Each structure stands twice: as C-alpha cells, then as structure tokens.
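Let me begin by presenting the structure, written as structure tokens, before commenting on it.
Readers should treat all values here as calculations from the given coordinates under stated rules, not as data from a laboratory. Small disclaimer: the values here were computed from a predicted structure and weren't measured. Here the Cβ is made from the backbone with ideal geometry for all residues, glycine too, and neighbour counts use every protein chain on show.
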Amino acid sequence: MSNLKKVPCGQSAIVRKIDVQGSLKRRIMDMGITKGVEVTVKKVAPLGDPIEISVRGYSLSLRKVDAESILVDQI
Amino acid sequence: MGYSVALVGNPNCGKTTAFNALTGSKAYVGNWPGVTVEKKEGKLRGVKEDITLVDLPGIYSLSPYTPEEVVARNYIIKEQPDLIINIIDASNIERNLYLTHQLVELGRPTIIALNMMDIVEKRGEKINIKRLEELFGVKVVPISATKNQGLDELINLALEVGTKKVKIASKAIPFDMIIEQSINEVMILLDGKQIDEVYNKRWLAIKVLEQDKKVVEEFHLSKEESPIVEEAARLLENAYDDDVESIIINGRYEYITKHISSIVTNRPDHKITLSDKIDKVITNRILAIPIFFGIMWFVYFLSIQTVGDMTIGFMEGLFGTIGDQVGLWLEGMSVSPWIHGLVVDGIIGGVGAVLGFVPQLMILFLLIGILEDCGYMSRVAFIMDKIFRKFGLSGKSFIPMVIGTGCSVPGIMASRTIESERDRKMTIMLTPFIPCGAKLPVFALMVGAFFPEHVWVGPSMYVLGILMVILSGLILKNTLFKGEAAPYILELPEYHIPNFKGVMMQMWDRSKAFIIKAGTVIFVASGLIWFLQSFNFSLQMVDTNESMLASIGHVIAPIFAPLGFGTWQASVATVTGFLAKEAVVATFGILLGVGEVAETDPTLLTSIGQFFTPVSAYAFMAFTLLAAPCFAAIGAMKREFGNWKWTLIAIGYQTGLAWIVAFLIYQVGSLLFK
C-alpha cells in the first residue's frame with residue numbers, strides 16, 4: 001500500500017485507510033476522504049507544500065504530512 | 001407569535017447570498033456567546049408573520065471539534081428552531097449532502113434549498129428532485145440565490161413548514177445492518193433513561209455509540225450501562241477494523257455514494273473546469289508568488305496610499321472644521337474654557353483621529369471582501385502556508401500584516417478571514433509589531449535628531465518588527481499556544497464573480513463595527529487622556545507639564561530608566577502614544593515648549609537632544625514600535641478577541657517584549673558605543 005503523498009501529480013488513487021486519530025482523522029473524513037473513494041492529485045503548491053487534490057467532484061488542499069497518513073492504492 | 005428559521009450549509013455554498021436575498025438588507029450582526037463566531041439574524045422578507053432567520057456558521061459537519069460546529073449543533077438542538085433550511089451547493093452536491101445527512105439525523109423539521117442550479121444547468125447536469133426528497137425524507141426547492149430564482153417558492157414552503165401548517169416526519173436514514181443493530185441496542189438502553197425531550201433518540205444513540213465528547217460530558221452512563229455501550233462499540237470496531245466515529249462517517253458517505261448516480265445524471269467526470277484553468281496561472285509554480293505580491297501591493301496602494309491618503313486628508317479637514325464650528329458655538333454660549341477644551345480637543349479631536357481611518361477602512365474591507373468572495377483567499381493560504389506555519393501562523397496571516405503597515409486597526413480586523421482560532425489570535429497579537437503609518441513620524445523625529453547621517457536607522461524598524469513577529473511566533477507557538485495546531489485541510493472553491501450586494505453589505509457591517517467602537521471606547525479614552533493632561537490633582541486647569549499626566553510621568557519614569565529614557569517627559573510621551581502614536585511627536589512639542597510642531601521642526605530636533613542619547617533614542621524607537629498599540633488598535637483587538645482577557649494578555653506580551661528589547665538595545669548599545 002502507498003500513501004497519498006507519494007502519488008504523483010495527475011495520478012489517481014483509491015483510499016484504503018486513514019492512519020491518524022482524533023479530530024484530524026474526523027476532519028479528513030468529514031471532507032469526503034473515506035475508504036474506497038477515488039482521489040486525484042492535481043497540484044503541488046509553489047513552495048512544495050501543501051498539495052491540491054480532487055475528491056468527490058471538488059478541490060481540496062492538505063499538507064504533505066497529513067497526506068502521508070492517508071493510505072491508498074494507486075490506479 | 002414569532003417563528004425562527006435556521007440557515008445551515010457548507011462554507012462557499014452561497015449561504016450568505018441566500019441570507020441577504022431572503023431577508024432584504026436589514027441584518028443584525030453579533031457574536032455567539034462565548035466564542036468569536038459571527039452570528040447574523042434578520043427578518044424573512046415579504047411575509048406577514050414574524051419570522052427570524054438565523055444564519056448559522058458555514059460548516060462541513062456537525063462534529064464536536066470546532067467552535068463553529070458546536071455553535072451550530074447546540075443552536076439546532078437546544079434552541080429548537082421551527083425550521084432548518086439546509087442550503088446545498090448543487091454543483092458540489094456529493095460532499096454537501098454529507099451535512100444534510102447529519103442534519104436529518106437530528107430529527108428537526110428540515111427543508112433543502114438546492115442552490116446554484118444555474119451552474120448545474122449550464123454544465124448540462126440533471127438533478128432528480130423527487131429522488132432526493134425520497135432519499136433524505138425532506139422537501140427540496142431548487143434556487144439560484146445570485147439570480148434571485150426560486151426564492152419565493154422557498155419562502156412559501158418555509159412559511160408552511162415553519163408555522164407547522166405542513167408537517168414533515170423525520171426520516172431515519174439507514175446505515176448497513178451491523179451498524180443498525182448496534183444503534184438499536186443503544187436505543188433500547190436509552191428507553192429506560194430520563195432523556196431531555198430536545199434530543200432525538202436515534203441521534204443520541206449514535207452519538208453515545210461514537211463516544212461524542214460533548215454528549216458524553218452531558219450523559220453519564222451508569223456502571224451497568226457503560227459495558228453494554230462498550231460491547232456494542234467493540235462489536236462494530238471488530239467488524240470494520242476502525243473506530244466507531246469513522247465507521248459512522250463512512251456509513252453516511254456510503255449512503256450518498258450509493259445513490260448519487262440516481263440523484264445526479266449526466267455527470268461529467270474529471271472535466272477541466274474554468275477554475276482549473278485560472279489556477280494554472282494563479283497557483284502556478286513560478287507566477288503564483290509574484291501575482292500574490294502584486295495583488296497585495298495593489299490592495300495596499302489603493303486603500304492605504306492613494307485613495308486612503310486623499311480621504312484621510314479630507315476627514316482631518318472635516319473634523320477640523322467641525323471642531324472649529326463647535327468651538328465657535330461654545331464660545332458663543334460662553335461656556336467655561338475647560339468644557340470647550342474637553343469637547344473640541346478631547347472628544348472631537350480624539351474621535352476624529354480615529355474616524356479619520358473610516359474611509360480607508362471601507363476601501364480595504366471592500367477589496368478584501370472581493371478577494372474573499374471570488375475564492376482567491378483560499379489560494380493565498382495554499383501559496384503561503386509553508387512559510388507561515390514555520391512561525392506558528394497560517395498563510396492567511398500575511399494579509400493582516402501587509403495591511404498593518406498602513407494601520408494596525410484594519411490589519412487586526414482583516415484577521416477574521418483566518419478560520420483557525422489559534423492562528424487568528426496569534427495574528428492579532430503580532431500584527432501591531434509591523435510599523436504602522438502613525439509610528440513613522442516618531443521614527444522620523446528620532447532619526448532627524450540623532451541619526452541624520454545614518455539612512456539605515458529608519459528602515460531598520462521594519463526589520464526589527466518582522467524579526468519580532470518571527471521570534472514571537474516561535475515563542476508563542478511553544479508556550480501560550482502550545483498544543484495541537486488546527487489541521488490545514490482547506491477547500492479550494494470554484495472561482496466566481498463576487499456578489500456586489502453581498503460584498504458591499506459585508507463591508508458596511510465591518511465598518512459599522514469599527515465606527516461604533518470609535519464612538520464608545522475611544523470616546524471615553526480620549527476624554528480621559530485629555531482630562532489627565534489638562535488638569536492637576538486639585539482639578540485646576542494647568543499646562544501639561546504641571547498636569548496629572550506629568551505627575552503620573554514622574555511616577556512611572558523609573559520603569560523606563562533602565563531603557564535610557566527615564567525622564568518624565570519621555571514617559572508622558574509614551575503614555576500619550578496610547579491615544580495615537582503620532583501624538584508622541586506632539587507631546588514632545590508641547591513639553592519642550594515649542595508647541596504642536598511637525599517632526600522636522602529644527603527647534604524640536606535640537607531641544608529633544610536633552611532627553612536622549614543616540615542609543616537611548618534608538619531604544620525609545622524600538623519601545624514605541626513594539627509596545628501596546630494605540631487605543632483604536634486595542635479596541636480592534638478587543639473586538640476580534642471577543643474578550644478582555646486575551647486583549648490584556650496581548651497588551652501585556654507586547655509591552656513586556658518592548659521593554660525587554662529596548663532594555664537590551666540600551667544596555668548592550670551603551671557598552672558598545674560609549
């Protein structure tokens with residue numbers, strides 16, 4: 001299994017597990033990043049962090065450190 | 001009898017536009033008790049009944065973690081509005097329905113206003129309204145708030161449901177079987193308990209199962225009950241290999257995912273939108289930062305420099321004229337000179353100095369409102385996040401600080417675009433460290449008198465200010481604001497053309513708040529300082545150097561002695577700096593007997609030499625830069641913090657740091673430059 005940080009720009013992946021606890025996990029999932037959903041990495045910010053992804057038809061940005069705890073299978 | 005309707009929806013769903021369209025223009029803006037979350041209320045337009053529309057904060061979920069979410073949840077449960085209108089962005093329906101799922105779970109009368117239907121139609125998508133109503137057990141009205149479509153239908157339906165002419169039975173949206181089983185077990189348990197009737201039992205059962213911290217705080221399960229809940233939770237956790245809270249979230253989204261294709265048809269997949277194309281430039285690797293600085297410069301240039309400068313001159317002239325006229329009128333009434341002084345110099349002068357900023361502020365709020373409304377502010381956070389989080393701040397902290405170079409007041413007020421309370425508090429605390437326009441005359445005076453040959457001294461104040469922001473960020477991050485930073489998980493909404501009416505109304509709301517402040521706190525403070533500098537303790541009107549303020553200066557002077565300016569005159573100048581920083585120059589003028597003169601006046605430049613050495617002058621500049629800002633800025637801090645506790649902490653921190661920095665400069669400087 002890979003994680004979302006490793007997915008290159010323009011590539012998609014299926015979310016398998018959110019590997020954090022507490023309010024951060026809740027926040028990630030509330031935004032629609034749940035098990036089985038497809039996400040696409042759209043862009044990296046000019047300074048190299050955060051990243052922009054597309055999920056459930058909208059754009060979301062999150063930091064690489066948090067993306068690392070989103071475990072995915074690349075497609 | 002009055003009815004209440006709550007407006008709930010995600011951020012960026014067009015809720016504010018809908019609120020404005022539904023209420024007309026009269027809205028009451030305040031804060032929710034205990035938190036700095038804005039509360040907006042208005043009356044539903046065009047109906048005979050007295051219906052209050054309450055705009056709840058924009059939220060993605062009803063979790064117990066952020067103040068916004070807790071406020072919304074408590075309002076719905078405890079205040080029991082007669083109706084909830086859930087505004088949904090139809091062009092982003094999948095995620096928006098997640099909140100809907102939670103709202104329906106609360107079991108209160110709810111209807112859906114499906115907003116932005118015009119965008120959906122343009123995209124060629126079709127939304128099956130009937131199907132949506134079936135799936136969530138609510139009525140759905142398609143609207144377009146910006147185009148004023150569907151609002152009458154929405155108002156009619158709200159009236160019928162809100163006044164209970166039409167009843168809506170709440171639907172229990174099903175989870176899968178294993179989850180349902182656990183929910184049932186907890187519900188059976190709750191049957192035997194005394195439960196406040198405001199709660200929906202199924203909702204409560206889910207929350208108990210989730211171990212929701214707000215619910216757990218309120219419901220203490222007995223020794224016999226806890227194991228039953230724990231067992232039900234454990235079974236779930238084993239079955240799904242996850243925690244209950246996450247299992248429930250997954251369950252909600254699964255319901256939506258399963259049915260989304262029957263709700264929306266003709267869904268284009270992975271289409272490149274206009275926003276994507278705009279972002280190719282705006283958040284481009286190379287262009288993003290130059291564009292950002294360009295926009296910031298433009299905002300600064302327009303609001304602080306060009307138009308701002310013109311209007312400040314105008315306002316000064318205006319208040320000068322008002323002061324003169326009132327003065328003449330008072331003379332005509334032959335009132336005693338102290339009343340004349342209090343009214344003209346104290347009150348009109350003081351309030352006028354503050355109100356002079358209003359036009360500047362309005363332009364600034366207008367520009368910021370436009371940037372917020374069109375979707376650019378989220379991109380700012382995206383672009384700048386990496387730099388600012390190193391100092392414990394957020395990408396959005398940059399904007400208040402740029403504005404702070406003009407005036408701290410609008411800078412502090414601009415901090416409200418920062419969602420995270422921790423980042424916002426730190427930004428409010430640190431923005432006054434950036435040298436504002438009013439501090440420049442003080443620097444100019446000192447540079448002119450002591451460092452005429454050294455061009456670096458003036459700009460060094462900017463460097464010192466920025467260094468202190470960075471240093472304080474690092475200190476505060478690890479002390480006062482220790483703990484988990486708010487996660488950065490930010491939606492980048494689609495760009496859209498700003499709604500003119502909404503932006504104007506927001507600008508007016510924010511400006512009004514400032515004007516009210518000037519009319520109250522600053523009004524009193526100006527009067528007080530004037531009183532102190534015009535009277536002695538026997539309440540006789542005297543010159544400033546014999547006044548109470550001078551006596552106070554003598555008392556506090558020892559505090560400043562280690563900083564190199566322990567004279568009572570310099571101490572008094574520091575105190576009047578609270579009124580307005582430019583007042584420091586005027587105070588020196590008066591105390592030195594050269595009158596109210598400009599900072600470049602040659603007599604002032606030479607005679608000020610008796611109070612300072614170059615080293616202590618530099619320490620004085622540093623102290624003026626960093627110490628508690630003027631009353632207007634303190635007022636703005638109070639408003640943004642929402643309480644005195646944090647305002648006093650901020651003032652204490654700023655002044656304490658100012659003292660330490662000035663102390664170091666003077667002591668070390670005295671050793672180096674004997």
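If you go through segment B:442-494 and keep only what is over 22 Å from the mean Cα position of the chain (by Cα) and part of a loop (DSSP other than H, G, I, E, B), you end up with B:Phe451, B:Pro452, B:Glu453, B:His454, B:Val455, B:Trp456, B:Thr479, B:Glu494.
Just one of (1) out of contact with any Gly (no Cβ under 9 Å at 6 or more places or on another chain); (2) farther than 26 Å from B:Gly356 by Cβ trips up B:Asp423, so point out which. The one condition B:Asp423 does not meet is (1). Within segment B:448-493, the set of residues being without any contact (Cβ under 8 Å) to a residue 40 or more places away in the chain and hydrophobic (A, V, I, L, M, F, W, C) comprises B:Val455, B:Trp456, B:Val463, B:Ile466, B:Leu467, B:Leu471, B:Ile475, B:Ile489. Against the conditions (1) within 10 Å of the chain's Cα centre (by Cα); (2) more than 8 Å from chain B (Cβ to nearest Cβ); (3) in a strand (DSSP E or B); (4) not hydrophobic (A, V, I, L, M, F, W, C), A:Asp73 satisfies every one except (1).
If you take the residues of segment B:207-261 that are basic (Lys, Arg) and outside any loop (DSSP other than H, G, I, E, B), which of them is nearest to B:Leu99 (Cα to Cα)?
Kept after step one, since they are basic (Lys, Arg), are these residues of segment B:207-261: B:207, B:213-214, B:223, B:234, B:252, B:258.
Keeping just the survivors that are outside any loop (DSSP other than H, G, I, E, B) gives B:207, B:213-214, B:234, B:252, B:258.
Values: B:Lys207: 15, B:Lys213: 19, B:Lys214: 18, B:Arg234: 26, B:Arg252: 9, B:Lys258: 16 Å.
Of everything passing the filter in segment B:207-261, B:Arg252 is nearest to B:Leu99 (Cα to Cα).
Going through segment A:30-58 one residue at a time, which ones are in a strand (DSSP E or B), over 21 Å from B:Leu62 (Cα atoms), more than 9 Å from the chain's Cα centre (by Cα) and at the interface with another protein chain (Cβ under 7 Å from one of its Cβ atoms)? Steps first, please.
Initially, segment A:30-58 is screened for residues in a strand (DSSP E or B), giving A:38-44, A:51-55, A:58.
With over 21 Å from B:Leu62 (Cα atoms) added as a condition, the list becomes A:38-44, A:51-54.
Narrowing the set further to residues that are more than 9 Å from the chain's Cα centre (by Cα) leaves A:38, A:42-44.
Once the filter is applied, which keeps residues that are in a strand (DSSP E or B), over 21 Å from B:Leu62 (Cα atoms), more than 9 Å from the chain's Cα centre (by Cα) and at the interface with another protein chain (Cβ under 7 Å from one of its Cβ atoms), segment A:30-58 yields only A:Lys43.
Could you list, in sequence order, all residues of segment B:448-467 that are surrounded by 20 or more Cβ atoms within 10 Å (Cβ to Cβ) and out of contact with any Leu (no Cβ under 8 Å at 6 or more places or on another chain)? Within segment B:448-467, just B:Phe450 meets the criteria. In segment A:8-23, is there at least one residue being within 11 Å of chain B (Cβ to nearest Cβ), farther than 30 Å from B:Val120 by Cβ and in a helix (DSSP H, G or I)? Yes.
Whether any residue in segment B:267-281 is touching a residue at least 60 places away in the same chain (Cβ under 8 Å) and over 30 Å from B:Gly395 (Cα atoms) is what I want to check. Checked segment B:267-281: at least one residue is touching a residue at least 60 places away in the same chain (Cβ under 8 Å) and over 30 Å from B:Gly395 (Cα atoms).
Test B:Ala158 against the stated conditions and say whether it is touching a residue at least 60 places away in the same chain (Cβ under 8 Å), closer than 18 Å to B:Cys13 by Cβ and in contact with a helix residue (DSSP H, G or I) (Cβ under 7 Å, 6 or more places away or on another chain).
Numbers: touching a residue at least 60 places away in the same chain (Cβ under 8 Å): yes; closer than 18 Å to B:Cys13 by Cβ: yes; in contact with a helix residue (DSSP H, G or I) (Cβ under 7 Å, 6 or more places away or on another chain): no.
No, not satisfied.
When only residues in segment B:232-284 that are of a type in the set (Gly, Ala, Ser) and more than 9 Å from chain A (Cβ to nearest Cβ) count, which is surrounded by the fewest Cβ atoms within 10 Å (Cβ to Cβ)? Step by step, filter segment B:232-284, then rank; the result is B:Ser261. The helices (runs of 4 or more DSSP H) found entirely in segment B:35-137 that carry 1 or more residues being within 14 Å of chain A (Cβ to nearest Cβ) and within 11 Å of B:Ala6 (Cα to Cα) are B:67-74. Applying a threshold of 6 Å to beta carbon distances and a minimum spacing of six or more residues, or different chains, the list of pairs starting in segment B:293-318 at a residue that is crowded, with 16+ Cβ neighbours inside 10 Å and ending at one that is of a type in the set (S, T, N, Q) reads B:Ser303/B:Gln360; B:Gly308/B:Gln360. Screening A:Leu47 against (1) closer than 19 Å to B:Phe382 by Cβ; (2) touching a residue at least 40 places away in the same chain (Cβ under 8 Å); (3) surrounded by fewer than 18 Cβ atoms within 10 Å (Cβ to Cβ) leaves a single unmet condition, (2). Inclusion of B:Ile497 among residues that are out of contact with any Lys or Arg (no Cβ under 7 Å at 6 or more places or on another chain) and either at positive phi or assigned to a loop (DSSP other than H, G, I, E, B) (or both) is warranted.
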